[in-house]
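Student: This is the structure I have questions about; it appears just below.
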Amino acid sequence: MAILLLVSLISCPVSRSRTNGPLRKAARTHHVKLGTAASALHLGDPNYTRILGSEFEQLEPENEMKFARVHPERRRYDFRNADALVSFAGAHGMAVRGHTLVWHRQVPQWVSAGNFSPAELSAILEDHIATVMQHYAGRVYAWDVVNEAFNDDGTLRNTIWYDQPGVGHAGMGTRYIEQAFAWAHAADPKAKLFYNDYGAEVMDQKSDAIYAMAQGFKQHGVPLDGIGFQAHVDLAYDTPETLSSFAENLQRFASLGLELHITELDIRLRDGSPASLAAQAKFYAEIAKTCLQQPACKVLQTWGFTDRYSWIPRYYPQMDWALLWDAEYRKKPAYFGLLTAFEGKGKSF
Ligand code: XIL
């Protein structure tokens, strides 16, 4: 009996779960939390779970909290896969970031083809936000409340939530976004609420529009806590001008008193040659340092961690190799680039 108890204690998953890998150890010494997107599909893959549970401090479900997944029918929510990820995070000492409540993609058929009036859509979205956030209250500390609401030229994207037909604020600019934040705050007053977008990393028309919105929200007491910068990039972004514009952009948002998260970092490549992998490692380190040097930058999160399951080849023809581990779970130069940045070495990057 005593031996059995001892054996079960030694092999107990909770004790294993406390292992800190080198990256997580290095990240723990900073104000920046290191996260990754993860998918419940791969929780049965021991290589996947070993790295996920030991090298990262934060987990964000890659798809499992999106509208179509958690709310597949009007009167049915399905939290099973998202719950599995949240439990995994809890068992491995990881924080959870929620993604996402208001987005024009991954909306279920029953919503997109439902011919609802603005009043009906408004009730549907308010209920959706309340139900999902309350389910995870106390377990999800931050939410991407609204995702990708702007076009690249800074105009608002025409979506089912904005003006097609929208939730009742069509043509009123960012008023519908404000409404979503108010609903989210009412649902879970303790959660940190984020606006998240891609292609908003440097100073340009798109980030100007997001900045103007954020500034207005701060002035009017809208409960906006921070901005998520997705950072899906390739090597063409790695120029001194881009990096300094990124730092300048982060600084202006920080000056509004906002928390900044880099939420979906990946660096896609055209080939997996040693030269490309080295350039990628250098760029990962530069981005990490930009975040580490900005006190308001509190999260650095990659969009997955192994090339085995990256979204890149499905969405960017001819491109791949975007993450820190290769498809066989070998650490890539990018892993060591990030590690070096977190360890505070390699100041010459
Ligand atoms: C992507 C997922 O990685 C894919 O698996 C899915 O098929 C589509 O969505 N911006 C976002 C993320 O905010 O939710 C997207 O994730 C990638 C772009």
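Student: Can you find a residue that is out of contact with any Ser or Thr (no Cβ under 7 Å at 6 or more places or on another chain), in a helix (DSSP H, G or I) and at pLDDT 95 or above anywhere in the stretch 152-162?
Tutor: Scanning the stretch 152-162 turns up no residue that is out of contact with any Ser or Thr (no Cβ under 7 Å at 6 or more places or on another chain), in a helix (DSSP H, G or I) and at pLDDT 95 or above.
Student: Which of the residues that make up the stretch 135-151 are under 15 Å from K66 (Cα atoms) and either more than 16 Å from the chain's Cα centre (by Cα) or not in a loop (DSSP other than H, G, I, E, B) (or both)?
Tutor: In the first step, residues of the stretch 135-151 are kept if they are under 15 Å from K66 (Cα atoms); the result is 135-136, 140, 142-148.
Across the stretch 135-151, the qualifying residues are H135, Y136, A142, W143, D144, V145, V146, N147.
Student: Kindly list, by first and then second residue, each pair from a residue in the stretch 249-263 that is within 12 Å of C291 (Cα to Cα) to a residue that is of a type in the set (K, R) and at pLDDT below 95, limited to pairs with Cβ atoms under 9 Å and residues at least 6 apart or on different chains.
Tutor: Matching pairs, first to second residue: none at all.
Student: Still on this structure, please answer the following. For the stretch 198-214, check the following and say yes or no: at least one residue is within 21 Å of V140 (Cβ to Cβ), touching a helix residue (DSSP H, G or I) at 6+ places or on another chain (Cβ under 9 Å) and surrounded by 19 or more Cβ atoms within 10 Å (Cβ to Cβ). Spell out the reasoning first.
Tutor: Going residue by residue through the stretch 198-214, those that are within 21 Å of V140 (Cβ to Cβ) are none.
Within the stretch 198-214, none of the residues are within 21 Å of V140 (Cβ to Cβ), touching a helix residue (DSSP H, G or I) at 6+ places or on another chain (Cβ under 9 Å) and surrounded by 19 or more Cβ atoms within 10 Å (Cβ to Cβ).
Student: Let me ask something else. Quick one: is S87 closer than 14 Å to Y162 by Cα and either more than 16 Å from the ligand (Cβ to nearest atom) or of a type in the set (A, V, I, L, M, F, W, C) (or both)?
Tutor: no
Student: Continuing with the same structure: Quick one: is A231 closer than 20 Å to L121 by Cβ, within 16 Å of the ligand (Cβ to nearest atom) and touching a strand residue (DSSP E or B) at 6+ places or on another chain (Cβ under 9 Å)?
Tutor: no
Student: Hey, can you tell me all the residues within the stretch 328-349 that are part of a helix (DSSP H, G or I) and closer than 18 Å to T49 by Cβ?
Tutor: Y335
Student: Quick test for you: out of A142, A182, pick the one residue that is surrounded by fewer than 20 Cβ atoms within 10 Å (Cβ to Cβ), within 24 Å of K298 (Cα to Cα) and hydrophobic (A, V, I, L, M, F, W, C). Spell out the reasoning first.
Tutor: On the way: A142 fails: surrounded by fewer than 20 Cβ atoms within 10 Å (Cβ to Cβ).
None of the others qualify; the one that does is A182.
Student: Go through (1) away from the ligand (no atom under 16 Å from the Cβ); (2) within 19 Å of K66 (Cα to Cα) and name the single condition G216 misses.
Tutor: (2)
Student: Next up: Would you mention how many residues in the stretch 198-226 are closer than 23 Å to I312 by Cα and among the β-branched types (V, I, T)?
Tutor: Within the stretch 198-226, residues that are closer than 23 Å to I312 by Cα and among the β-branched types (V, I, T) number 1.
The values are calculated or read from the model by the stated rules, or taken from the named source; none is laboratory data. All of these numbers come straight from a predicted model, not from anything done at the bench. Cβ sites come from the backbone with ideal geometry, for glycine too, and all protein chains shown count toward neighbours.
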